[in-house]
1. Which residue fluctuates the most in the chain, going by a Gaussian network model with Cα springs under 10 Å, if the choices are 412, 363, 330?
2. If R₀ is 22 angstrom, what is the calculated FRET efficiency for the pair residue 290 and residue 250, using the beta carbon separation as r and rounding to 0.05?
3. Extension gain residue 436-residue 14, at 0.36 nm per residue separation less the Cα-Cα distance, in nm?
4. Which of rounded, prolate or oblate describes segment 282-382 when judged by the alpha-carbon gyration tensor and an a/c cut-off of 1.5?
5. Assuming a ≥ b ≥ c are the square roots of the Cα gyration tensor eigenvalues, decide whether segment 95-193 counts as rounded (a/c under 1.5), prolate (otherwise, with a/b larger than b/c) or oblate.
6. Name the most mobile residue of 243, 405, 36, meaning the one with the largest mean-square fluctuation, in a Gaussian network model of the chain with Cα contacts below 10 Å.
7. How much FRET efficiency would the formula 1/(1 + (r/R0)^6) give for residue 197 and residue 38, where r is the Cβ-Cβ distance and R0 is 41 Å, rounded to 0.05?
8. Of 402, 208, 335, which is farthest on the positive side of the dipole of the chain, counting Cα position, with +1 on Lys and Arg Cβ, -1 on Asp and Glu Cβ, and the Cα centre as origin?
Amino acid sequence: MSYVDEVLERVVAKNPAEPEFHQAVKEVLESLRPVIEANEERYRKEALLERLVEPDRQFKFRVPWVDDKGQVQVNTGYRVQFNNSIGPYKGGLRLHPSVNLGIIKFLGFEQIFKNSLTGLPIGGGKGGSDFDPKGKSDREVMAFCQSFMTELCKYIGADTDVPAGDIGTGAREIGDMFGQYKRIKGLYEGVLTGKGLTYGGSLVRTEATGYGLLYLTEEMLKCNGHDIAGKTIVVSGSGNVAIYAIEKAQQMGAKVVTCSDSNGWVYDPEGIDLAALKEIKEVKRARLTEYKNYRPNSEYHEGRGVWTVKCDVALPCATQNELFLEDAQALVANGCIAVAEGANMPTTMDATEYLQKNGILFAPGKAANAGGVATSALEMSQNSERLSWSFEEVDSKLKGIMVNIFHNLDDAAKRYGKAGDYVAGANIAGFEKVAEAMLAQGVA
Ligand code: NDP
Ligand code: 2IT
């Protein structure tokens with residue numbers, strides 16, 4: 001049996017009931033086959049793949065907190081420190097009722113390669129909890145965050161592991177957690193990114209994932225003979241990534257006609273009203289059903305359906321496994337030319353294959369959404385030198401990083417005879433640096 005197949009089999013056997021983790025490992029290792037085959041003897045002897053798929057360590061802990069009725073609630077907290085061969089562990093904290101160890105491991109594994117692609121010195125990690133911030137008061141969120149950080153603070157630090165936001169974790173949660181870390185450790189250090197601008201945050205971090213997604217998409221289109229201006233775009237999600245993807249797409253002269261949340265989706269043929277969307281989601285923390293109050297000519301539909309809308313470009317920005325084979329078929333049938341993933345692993349493997357086989361330009365999340373973590377790394381740099389850079393400076397660095405990532409994927413794919421396969425390109429380019437660093441550091 002090939003080395004890749006052996007390791008895949010072992011991952012499934014050793015980590016039962018973690019389907020998302022299996023999916024992420026399979027997607028990466030499948031596309032690394034040519035690289036692994038070219039170095040099989042050495043990698044086998046060094047057990048490189050076995051080490052790569054086994055987290056350095058993982059923490060699972062109880063998070064008790066008191067709700068507004070005086071009732072004690074108990075959630076489970078996680079932090080998986082996956083791989084620090086190129087820098088301190090870095091990756092977000094997801095707060096969502098669906099969170100379990102397998103989901104955190106899939107995200108941590110993806111993060112290793114994404115962080116490598118940024119070209120910055122950051123390793124892979126991820127954490128979170130099955131806590132649901134939806135419908136909770138600010139005090140309840142603070143009670144949860146303080147309890148979560150009371151345990152998490154034992155394992156993190158500015159030079160060891162630097163968490164940030166992800167689904168359900170935004171500026172409010174990062175602020176609550178930073179305050180608690182500082183109280184317990186007595187350290188004012190850049191232990192979290194996505195901080196507020198008054199206490200060490202970086203300009204552009206809020207916008208970075210969505211903006212970065214569009215910078216990479218623009219470059220991918222340009223290098224394939226298309227202009228983003230004038231394109232019709234469908235977006236899923238209406239959180240941090242979706243909102244700033246829509247903002248940048250509009251600035252680039254494209255028209256975004258959809259967005260969604262976990263209950264339903266909006267179709268606005270005249271283009272999404274961003275000010276309305278920001279007010280609904282960022283200020284009121286409300287549902288998309290409200291959008292029609294601002295835009296009477298728009299449509300609201302329950303359930304899912306964004307991918308059935310005719311478009312040139314599709315940007316899934318909500319969550320994993322939200323774009324299935326039938327959605328890919330609808331996109332192709334409607335003449336879509338490009339899909340770029342703002343979310344982590346939003347496209348299922350069969351859908352990805354279908355899109356690629358039908359000539360759709362496909363940018364995988366670990367490349368396309370790397371602008372968020374890249375700007376987090378820029379926040380770490382600013383914290384280390386105790387300086388803050390201007391919006392223009394951070395934004396131009398972000399743009400340079402995203403354009404560079406695209407060319408690295410493109411080159412890596414070409415080197416292995418897979419021109420235009422950006423999934424393979426991303427996995428290969430991300431892997432090469434990590435593999436070299438691991439091998440240079442001995443058996444560890
Ligand atoms: P938010 O919590 O801000 O927004 C998530 C959005 O997705 C919401 O609109 C949410 O709707 C919707 N959604 C629909 N179905 C689900 C579901 N099953 N689980 C969770 N959310 C769902 O998160 P972000 O925008 O930060 O993250 C979106 C995606 O981008 C995730 O995959 C994340 O890992 C990835 N990402 C985020 C980065 C960042 O910097 N924030 C960086 C790189 C990737 P509802 O409000 O109804 O739950
Ligand atoms: O998935 C991701 O890359 C993030 N949620 C951002 C991580 C970070 O450390 O900024």
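1. Per the Cα network of the chain with a 10 Å cutoff, 330 tops the list.
2. FRET efficiency, residue 290 to residue 250: 0.60.
3. 149.3 nm
4. Oblate shape, in that a/c is at least 1.5 and b/c is the bigger or equal ratio.
5. oblate
6. 36
7. Numbers: r = 47 Å, r/R0 = 1.14.
That pair, residue 197 with residue 38, gives E of 0.30.
8. Selected residue: 208.
Taken together, the values in this text are just the output of simple stated rules run on the coordinates, not laboratory data. If you're wondering where the values come from, they're calculated on a predicted model, not measured in any experiment. Counting neighbours? That spans all protein chains shown, and the Cβs are built from the backbone with ideal geometry, glycine included.
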